[in-house]
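So the structure is just underneath, and the comments pick up after that.
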Amino acid sequence: MIETERLLLRGWRETDRAPFRAMAADAEVMRFLPATSAAEADAAIDRMIATEAEHGHVFWALERKADGAFLGFCGIMPPRPPLHETEIGWRLPRHAWGQGYAREAAQASLAWAWANLDVPAVMAMTVAGNVRSWQLMERLGMTRQPDEDFDHPALAEDDPLRPHIVYRIQRPTEGPTKGSTA
């Protein structure tokens, strides 16, 4: 579990299923993502649980400490097709937007990655129209990699969400790194 001033980033629980399904059913939350049924949302949670069990990290469930409210997810995913490197990602329900939760959770996730993973960089992706997401990537210090933009192979060729843009942040050079004794 990762703890910030206002948030807990933690493993997924059965009680997260209903609010995660509700988030997946919200057209505005899913505006830049493929439609997701309740069964697909449940399957996504099952994959998150399995990924965390195997790798020790995942897009963790996000909980507000003050009241235990489910606020979506944020975290670090290990490489998986079509990606070949570690990814940071987030998704929050509308009621949690504009309050700095995504940035707080993402900064904590990056700090965790640098302290616990031997990776040279962390990447993120979104569609070009998802301005709020790529602006957060930039606030996190990530840099756009236009030569790495790609068409997501899981989406149909005519799907407007297929073209993805890529951002990346390199491991900080100052301070201790994984395995150091500093």
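Before moving on, here are some points about what is shown:
- Yes/no for G98 being within 22 Å of A22 (Cβ to Cβ) and open to solvent by 20 Å² or more (accessible area, probe 1.4 Å): yes
- Checking E63, E104 one by one, the residue that is among the charged types (D, E, K, R), open to solvent by less than 80 Å² (accessible area, probe 1.4 Å) and under 24 Å from R168 (Cβ atoms) is E104 and no other.
- Test: residue in the stretch 2-18 that is modelled with pLDDT under 95, open to solvent by 20 Å² or more (accessible area, probe 1.4 Å) and not hydrophobic (A, V, I, L, M, F, W, C): no
- Hey, E54 assigned to a strand (DSSP E or B) and either open to solvent by 10 Å² or more (accessible area, probe 1.4 Å) or modelled with pLDDT under 95 (or both) or not: no
- Of all residues in the stretch 134-165, those satisfying the criterion of being modelled with pLDDT of 95 or more and open to solvent by less than 30 Å² (accessible area, probe 1.4 Å) are L136, M137, L140, M142.
- In the stretch 1-50, residue farthest from R162 (Cα to Cα) [restricted to those that are polar (S, T, N, Q) and in a loop (DSSP other than H, G, I, E, B)]: T4
- Of residues in the stretch 21-50 being closer than 27 Å to E5 by Cβ and free of Cβ contacts under 8 Å to residues at least 60 places away in the same chain, the one surrounded by the most Cβ atoms within 10 Å (Cβ to Cβ): M48
- Taking the numbered list (1) surrounded by fewer than 18 Cβ atoms within 10 Å (Cβ to Cβ); (2) under 25 Å from P34 (Cα atoms) in turn, Q170 passes all entries but (2).
The values are calculated or read from the model by the stated rules, or taken from the named source; none is laboratory data. Owing to the predicted nature of the structure, the values given are computational and were not obtained by experimental measurement. Here Cβ is always computed from backbone atoms with ideal geometry, including for glycine, and neighbour counts include all displayed protein chains. Just the protein is used for accessible areas: all its heavy atoms, side chains included, with ligands, DNA and RNA removed. Shrake-Rupley method; radii C 1.70, N 1.55, O 1.52, S 1.80 Å.
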